[in-house]
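Asker: Attaching a single structure in structure tokens format; questions to follow.
What follows draws every value from the coordinates through simple rules; no lab data is involved. Since we're looking at a predicted model, the values are computed, not measured. Positions of Cβ are generated from backbone atoms using ideal geometry, with glycine treated the same way; all protein chains shown enter the neighbour counts.
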Amino acid sequence: MQGLKCRNYPKETTSPTQERATPPGKRNDDGRIFENRREMNWPKKKRSFKDFEEKVAKLQEGLKNQKDLLEEQRVLEAQSNQTIKDLSTALESWRNKRRWIPMLEKQLEYADRPISSWNAIPSSASSSGPRPQARSR
């Protein structure tokens, strides 16, 4: 095991000639004392990688949530467009019916006129010829 060297693993011993990055006794968040620059940077790199993984996981989760919301929004928009089309069709149908109602009333009124005019004719005038039949409705 002594012959193996790992680039990220700190040295266990320090030489007196090694330059100190921080004064002896400086502690990190874990309460560990750093003796040299390499040892001081190693936990930060490890922690930053974990932070990076956590940030990536949070971003991926946020992206998934955004995709779900976008899909839901598209479905709601399609439903609203369909509802608008249905309402537009119903309104157009209602307008057409409404347009026809006055026309039908006028036709009915005109249809009633000849009947009332025939009833108003004196009996002496009606005996001169055959009386026309009123239109059936």
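Asker: Please report the net charge: other residues with Cβ closer than 14 Å to the Cβ of residue 85, K and R +1, D and E -1.
Answerer: Details: positive: none; negative: 77, 86, 92.
In short, -3.
Asker: Residue 60: net charge of surrounding residues, Cβ under 12 Å, Lys/Arg +1, Asp/Glu -1, itself excluded? Write out the running numbers ahead of the final one.
Answerer: Details: positive: 55, 58, 64, 67; negative: 53, 54, 61.
Combined, the nearby Lys, Arg, Asp and Glu give +1.
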